[in-house]
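Chemist: Can you keep this structure in mind? I'll have questions shortly.
The values are calculated or read from the model by the stated rules, or taken from the named source; none is laboratory data. As the structure is a computational prediction, the values presented were derived from the model and not from experiment. Glycine also receives a Cβ, built like all others from the backbone with ideal geometry; neighbour counts cover every protein chain displayed.
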Amino acid sequence: MTAKEPLPMKPFRIASAFALLCAHTSFAASLDHVSPESEGLSSAKLANMMKYLQTPGTNVDSVIVARNGQIVLEAYAAPNRSDIVHQVNSATKSVVSALLGIAIGEGKIKLNNTVADILPQYADLPNANILTVEKLASMSTGVEWKSEYFGSALNDWNKVRQADDWIKAYLSYPINPDKVGQFTYNSAESDLLGALISAATGMPLADYAELKLFKPLAIQNTRWVQNKDGQYGGGRGLYILPHDMLKFGELFRQQGKWQGQQIIPQQWITYSTQPRVATVGKFSNIPAYGAQWWVGKGWYAALGWGGQTIAVFPKENITMVMTAKNSLSEMDAIGLDQLHQRFLQSDSSAASDPAATQQLAAQISQFEKGVAASTLHSPLEKTLHNKSIRFNDFWLSKLKFSLDKEQMTIEFRPKDTPQFTEKIPTGFAGEWKYSTFQYPINDEWRKSAPDSLVASRMQWLDKTTLLIESFPPEEFVHYSLKLKFKGQKVFVEDSPWGTVAEGILE
């Protein structure tokens, strides 16, 4: 399937300092854009925060800060945009927490329910009669579990999710009595919570979320990936707009109430965001875990792999959202303690400072432009038309170029799926081209969304070195290929995996 018509790119918001801070006023009646000082925050500190968030390696691609329900800062690094949903990975767990609280409030599920109470078909498995909703929510079941990097063979969820009946497979893992009540990070338990909510409410998890959570908040643009058995993943899989991530955080900051309507019981907001268990080991840089929420010093947060963040600072009445594309786990992502202490302290005496306002506007503008690109051209550029590179021992088997009216189209063929070929338009000299991209249909992660948005560009670093970047704004990854042309030979100098490969231009 070829790329569809590119989506138009919204212009950068660079008209004025005030415009930078006050764009998107149609977001929601209760979430308007105002100056930081009007809400007791410092433009100078926020400017320094924006500079900090552009530190190499952070790869933050959007940030929104609201205080007292008013947005004081919003920015998107190109090619990200406010109208593009973003995968939030394990921040999905906190959405499941909200749905659990709603279901409890409706009397459809109880914290002391066991798995067997709700899914009686598993009652013959001992663990189904032991594991409770309460222990699953706080990840303190005592189940022996390895939660290494998701792609690792040591990750038990990678094993369980391949089973024909993943719930049965999970319930077969041993429970260590000495660890019951202690924290063990386990995404399968979040998935099981999702399955329990679905069974207790008689609705697919995504449908229940739409009815009870998304619709009341006027959240309309979401996508939720399904597991192998058709269940919606409770541990990850939700795609949502950064604006709507902010709404969700604000809902919790406002004790479950939205525009006068109690969406989530207030008791659940308190219960789920307070420390329920202390974290241990590699997770201990965040002190505690609630009920599918991380709990820090003066904040609680929904965190997802790669830097996806919905953080609430109750004392300051601040909600902060970030999406990112880094290689860091939830626990190693940008430190919320540091952001809180250095940049987000309120100051009721904060006065308007035109110089600081301009400083913040400049940092936002720089952030939104993204990583600068080379404007060089190469004599090789036009010679690449209808040429292909065939690779040996690389994840790509073929890369083909087509030049048409200053736009290059790349056709590529992965090594592992030779029957799959995709064409993507790319821009030159820093210009991003948007298109939709179809992943292999047998990829489980793409079942519910075979087409994904991708932004691509090419730039010459010198006369013989071409950098190709493919950036799926919805995802938390960023692919790049640096190609060095030496006659008919082409060398891949680096890639996201540090691979070095060689190809032939033909």
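Chemist: Does SER374 count as crowded, with 16+ Cβ neighbours inside 10 Å and among the small types (Gly, Ala, Ser)?
Modeler: Working: crowded, with 16+ Cβ neighbours inside 10 Å: no; among the small types (Gly, Ala, Ser): yes.
No; evaluated as a whole, the condition is false for this residue.
Chemist: Taking ALA199 as the residue in question, decide whether it is among the aliphatic types (A, V, I, L, M), closer than 21 Å to ALA98 by Cα and either surrounded by fewer than 22 Cβ atoms within 10 Å (Cβ to Cβ) or out of contact with any helix residue (DSSP H, G or I) (no Cβ under 9 Å at 6 or more places or on another chain) (or both).
Modeler: So ALA199 fits the description; yes.
Chemist: Restricting to the range 157-171, count the residues that are over 18 Å from PRO126 (Cβ atoms) and either touching a strand residue (DSSP E or B) at 6+ places or on another chain (Cβ under 8 Å) or among the basic types (Lys, Arg) (or both).
Modeler: 2
Chemist: Here's another thing I want to ask about it. Assuming GLU74 fulfils every condition listed in (1) modelled with pLDDT of 95 or more; (2) of a type in the set (D, E, K, R); (3) closer than 25 Å to GLY235 by Cβ; (4) buried (at least 23 other Cβ atoms within 10 Å of the Cβ) apart from one, which condition is it?
Modeler: (3)
Chemist: Let me confirm something: among THR417, THR421, THR426, which residue is in contact with a strand residue (DSSP E or B) (Cβ under 8 Å, 6 or more places away or on another chain), among the hydroxyl-bearing types (Ser, Thr, Tyr) and modelled with pLDDT under 80?
Modeler: After applying the criteria, what remains is THR421.
Chemist: Taking ILE219 as the residue in question, decide whether it is touching a Lys or Arg at 6+ places or on another chain (Cβ under 8 Å), free of Cβ contacts under 8 Å to residues at least 60 places away in the same chain and crowded, with 18+ Cβ neighbours inside 10 Å.
Modeler: Yes: the conditions hold for ILE219.
Chemist: Looking only at the range 76-131, how many residues end up being within 29 Å of the chain's Cα centre (by Cα), under 17 Å from SER190 (Cβ atoms) and polar (S, T, N, Q)?
Modeler: Summing the residues that are within 29 Å of the chain's Cα centre (by Cα), under 17 Å from SER190 (Cβ atoms) and polar (S, T, N, Q) in the range 76-131 gives 6.
Chemist: I'm checking my understanding of the structure. Among residues of the range 228-243 that are part of a loop (DSSP other than H, G, I, E, B) and over 18 Å from ALA291 (Cα atoms), which one is modelled with the highest pLDDT? Steps first, answer last, please.
Modeler: Residues of the range 228-243 that are part of a loop (DSSP other than H, G, I, E, B), as a first pass: 228-231, 233-237, 241.
If we keep only those that are over 18 Å from ALA291 (Cα atoms) as well, we get 228-231, 237, 241.
On the way: LYS228: 76, ASP229: 80, GLY230: 82, GLN231: 84, GLY237: 90, LEU241: 96.
The selected residue is LEU241.
Chemist: Exactly one condition in (1) out of contact with any Asp or Glu (no Cβ under 7 Å at 6 or more places or on another chain); (2) surrounded by fewer than 23 Cβ atoms within 10 Å (Cβ to Cβ) is false for LYS228; which is it?
Modeler: Result: LYS228 fails condition (1) only.
Yes/no matrix, rows are residues, columns are (1) charged (D, E, K, R); (2) in contact (Cβ under 8 Å) with a residue 24 or more places away in the chain:
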position: GLY260; (1), (2): no, no
position: ILE263; (1), (2): no, yes
position: TRP268; (1), (2): no, yes
position: LYS282; (1), (2): yes, yes
position: GLY290; (1), (2): no, yes
position: TRP305; (1), (2): no, yes
position: THR309; (1), (2): no, yes
position: VAL312; (1), (2): no, yes
position: ILE318; (1), (2): no, yes
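Chemist: Is there any pair with a first residue in the range 116-128 that is free of Cβ contacts under 8 Å to residues at least 12 places away in the same chain and a second that is in a helix (DSSP H, G or I) and crowded, with 19+ Cβ neighbours inside 10 Å whose Cβ atoms are under 7 Å apart and which are 6 or more apart or on different chains, and what are they?
Modeler: ALA123/ALA116
Chemist: How many of the residues making up the range 89-121 are surrounded by 18 or more Cβ atoms within 10 Å (Cβ to Cβ) and farther than 28 Å from PHE214 by Cβ?
Modeler: Total satisfying the criteria: 2.
Chemist: Which of (1) part of a loop (DSSP other than H, G, I, E, B); (2) at pLDDT 50 or above; (3) crowded, with 20+ Cβ neighbours inside 10 Å is the odd one out, the single condition ALA3 does not satisfy?
Modeler: Only one criterion is unmet by ALA3, namely (2).
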